[in-house]
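Asker: There's a structure below that I have some questions on.
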Amino acid sequence: MNIISDQDGDILVRTARYVVTEYLKNGKRVIPSDDVKSRFSFSSGVFVTLNKGEELRGCIGFPTPDRKLYQSLLYAAIASATEDPRFLPVKFDELGEISFEVTVLTPPEAIKVQDPSEYLSVIKVGRDGLVVKWEFGSGLLLPQVPVEYGWNEEEFLAHTCQKAGAPKDCWKQKSTMILRFEGIVFKETTPKGSVGRVKL
């Protein structure tokens, strides 16, 4: 992964907020500055998470590096505010109560095991995010999620299976594919406040 500095993280989070603010206020998708374009012109997956107090308010992103980071950031930021099917779209006057979080992802890689029980010793909470793929779909949880909820590796696998719409023990089936990735997380300490790197 390209090295993401604290200054980069600050710019990513502030850009996400700016893009959403302009979209909700004026209905316009802003063009990022040349500095943002050049700084984040490498391909990368990214997720934008919106939190209102302790509650999730929206989270959308792209797990794979299919486009340049600045492009993915713009799409993910607006989508997290307006297209997360779990929530009503964010209103402009809510933005003062919402903190923004940006997670830059390494490409997901399939975990190779002889037996599914080995996943428990290969996966590490606080480092890995997970993707579960089974016959009827897939689901993803970011690496900060099990840390926030205090899950162990087995609980993390179970919840990712449920996110995929699968039974929670679906990870024990040989036909299920488990992928892992790492994430660099930056978030506002308070709405519109300073941005810091999150230690997982």
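Asker: Got a sec? Which of G61, G53, G45 is in contact with a Pro (Cβ under 9 Å, 6 or more places away or on another chain), over 20 Å from Q7 (Cβ atoms) and either not assigned by TED's automatic domain parsing to the domain that holds V90 or not polar (S, T, N, Q) (or both)?
Answerer: G45
Asker: Filtering region 1-59 down to residues that are in a loop (DSSP other than H, G, I, E, B) and among the hydrophobic types (A, V, I, L, M, F, W, C), which residue is surrounded by the most Cβ atoms within 10 Å (Cβ to Cβ)?
Answerer: Looking at residues that are in a loop (DSSP other than H, G, I, E, B) and among the hydrophobic types (A, V, I, L, M, F, W, C), I get F40.
Asker: Separate question: Only one of these conditions is not met by Y119: (1) in a strand (DSSP E or B); (2) assigned by TED's automatic domain parsing to the domain that holds K168. Which number is it?
Answerer: So Y119 meets the others, but not (1).
Asker: Residues K124, K187, K192: which one is of a type in the set (K, R) and free of Cβ contacts under 8 Å to residues at least 60 places away in the same chain?
Answerer: K124
Conditions tested, residue by residue: (1) over 28 Å from E97 (Cα atoms); (2) part of a helix (DSSP H, G or I).
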residue: C161; (1), (2): yes, yes
residue: W171; (1), (2): yes, yes
residue: S175; (1), (2): yes, no
residue: G193; (1), (2): no, no
residue: L200; (1), (2): no, no
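Asker: Which condition number does S99 fail, the rest of (1) of a type in the set (G, A, S); (2) crowded, with 19+ Cβ neighbours inside 10 Å; (3) touching a Phe, Trp or Tyr at 6+ places or on another chain (Cβ under 8 Å) being met?
Answerer: Of (1) of a type in the set (G, A, S); (2) crowded, with 19+ Cβ neighbours inside 10 Å; (3) touching a Phe, Trp or Tyr at 6+ places or on another chain (Cβ under 8 Å), only one is false for S99: (3).
Every residue, every condition in (1) touching a Gly at 6+ places or on another chain (Cβ under 7 Å); (2) surrounded by fewer than 14 Cβ atoms within 10 Å (Cβ to Cβ); (3) not assigned by TED's automatic domain parsing to the domain that holds G53, yes or no:
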residue: L141; (1), (2), (3): yes, no, yes
residue: Y149; (1), (2), (3): no, yes, yes
residue: E153; (1), (2), (3): no, no, yes
residue: F156; (1), (2), (3): no, no, yes
residue: T160; (1), (2), (3): yes, no, yes
residue: A164; (1), (2), (3): yes, no, yes
residue: K168; (1), (2), (3): no, no, yes
residue: K172; (1), (2), (3): no, no, yes
residue: E188; (1), (2), (3): no, no, no
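Asker: Six or more apart or on different chains, Cβ under 6 Å: which pairs go from a residue in region 62-81 that's outside any helix (DSSP H, G or I) to one that's buried (at least 18 other Cβ atoms within 10 Å of the Cβ)? Could you list them?
Answerer: From region 62-81, the pairs are F62/G45; F62/S72; P63/G45; P63/P108; P63/L140; T64/G45; P65/S44; P65/G45.
Listed here are the residues, each with its yes/no results for (1) under 30 Å from T15 (Cα atoms); (2) of a type in the set (G, A, S); (3) at pLDDT 95 or above.
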residue: E97; (1), (2), (3): yes, no, yes
residue: S121; (1), (2), (3): no, yes, yes
residue: V125; (1), (2), (3): yes, no, yes
residue: D128; (1), (2), (3): yes, no, yes
residue: L142; (1), (2), (3): yes, no, yes
residue: E153; (1), (2), (3): no, no, yes
residue: Q162; (1), (2), (3): no, no, yes
residue: L179; (1), (2), (3): yes, no, yes
residue: G193; (1), (2), (3): yes, yes, yes
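Asker: What pairs come out if I take residues in region 14-25 that are within 15 Å of K91 (Cβ to Cβ) and in the same structural domain as A76 (by TED's automatic domain parsing) and pair them with residues that are outside any helix (DSSP H, G or I) and of a type outside the set (F, W, Y) whose C-beta lies under 6 Å away, six or more apart or interchain?
Answerer: E22/K28; E22/V30
Asker: Part of a strand (DSSP E or B), in the same structural domain as Q173 (by TED's automatic domain parsing), in contact with a Pro (Cβ under 8 Å, 6 or more places away or on another chain) and farther than 30 Å from G27 by Cβ: is that true of V131 in this structure?
Answerer: yes
The values are calculated or read from the model by the stated rules, or taken from the named source; none is laboratory data. Note that the coordinates shown come from a computational prediction; the quantities given were computed from them, not determined experimentally. Glycine gets a Cβ as well: all are built from the backbone with ideal geometry, and neighbour counts include every protein chain shown.
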